[in-house]
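Below is one structure; the comments refer to it alone.
Please treat every number below as a calculation from the coordinates, not as lab data. Here the structure is a predicted model, which means the values were calculated and not measured. Positions of Cβ are backbone-derived with ideal geometry, glycine not excepted, and every protein chain shown enters the neighbour counts.
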Amino acid sequence: MLTATAVALLAGGAFAGGFISGLAGFGTGLIALGFWLHVVEPSAAATLVAICSVAAQAQNLPGIWPAVDHRRVWPMVLAGLLGIPLGTLLLTRVALDSFRLGIGLLLLGYAAFMLLGRFQPRIAWGGRLADAAVGFGGGVLGGLAGLSGPLPTIWATLRGWGKDQRRGVFQLFNLAILGTVVLWHAASGLVTARLGLMVAIALPGTFAGAWLGIRAYRRLSDRRFQDVVLVLLALSGATLVGNALP
């Protein structure tokens with residue numbers, strides 16, 4: 001049985017994570033884990049994050065679907081799915097702490113450079129092949145460390161796409177990758193009755209938070225949306241660095 005404190009933390013984390021997902025199109029785990037890891041073991045928390053992320057993104061996808069450029073997103077999604085097995089294979093061959101530290105420093109440096117310098121680079125070369133290469137890298141990182149989001153998020157910003165186009169790309173990408181992760185976890189026996197109870201507690205908060213988040217998102221300009229994304233990337237980088245350091 002779960003205690004009242006555990007239920008409160010599960011529900012509160014789900015609401016906060018759902019709101020951020022609704023606002024930015026990603027970030028459920030980044031926010032929710034700050035609540036959940038006090039009462040949920042890490043392996044179960046990872047599956048719970050994936051399930052709630054998929055739920056929040058699927059809920060909000062119809063609202064941004066008209067802005068999705070399928071010619072851009074499907075090469076990234078298909079390549080990302082191909083990258084998941086490679087990332088999983090690398091799990092036993094890569095020092096994860098060093099890997100997290102490197103990725104964390106990259107995210108911190110990129111976000112700080114973009115926020116403080118107000119630099120607006122634009123990358124127009126590469127076409128669909130470059131998009132697919134970024135998607136493949138995101139899939140590898142997703143299989144290796146659950147980090148499917150950073151590469152497509154950065155790439156969509158560097159491409160100079162508008163906020164709806166950017167969000168459509170990385171939200172649909174993360175939905176596909178994390179949905180595959182959920183199926184992988186289920187097939188591996190990680191979805192237990194206790195996890196099912198936690199999902200039942202978390203999902204209402206996830207849906208309510210995502211509902212409010214998407215409404216806040218619609219009030220953001222392109223510039224403000226980019227700032228939100230960069231702050232979340234910086235927070236993700238800081239979290240990775242903190243977890244990797246002894």
- Message: For the chain, what does the relative contact order come out to in percent, with C-alpha contacts under 8 Å and a separation of six or more?
- Response: 38 percent
- Scan the chain and note any complete DSSP helix (H) whose C-alpha atoms cover at least 15 Å along its axis and whose Kyte-Doolittle average is 0.0 or more. 4-24, 42-64, 70-90, 96-117, 127-145, 163-187, 193-217, 222-244
- Note on the structure: Candidates Val169, Val199, Val140; GNM for the chain (alpha-carbon contacts under 10 Å) flags as most fluctuating Val199
- Task: Mind telling me which of Thr206, Thr153, Thr180 comes out most flexible in a GNM of the chain, alpha-carbon contacts under 10 Å?
- Result: Thr180
- With Rg and the Kirkwood Rh both taken from Cα atoms, where does Rg over Rh land for segment 4-244? 0.94
- So what's the convex hull volume per residue for the Cα atoms of segment 1-56, in Å³? 65 Å³
- Task: Provide Trp125, Trp161 in ascending order of the number of other Cβ atoms located within 10 Å of each residue's Cβ, fewest first.
- Result: Trp125, Trp161
- Message: Along the Cα→Cβ direction, 7 angstrom out, place labels at Trp211 and Met1. What is the inter-label distance in nm?
- Response: 3.0 nm
- Cα extents of segment 137-227 along the principal axes, largest first, in whole Å, come to 44, 32, 16
- What size of dipole, in debye to the nearest 20, comes out for the chain about its Cα centre when the only charges are +1 on Lys and Arg C-beta atoms and -1 on Asp and Glu C-beta atoms? 640 debye
- Query: What is the extension gain from Arg93 to Ile123, computed as 0.36 nm multiplied by their sequence separation minus the C-alpha to C-alpha distance, in nm to one decimal?
  - Reply: 7.5 nm
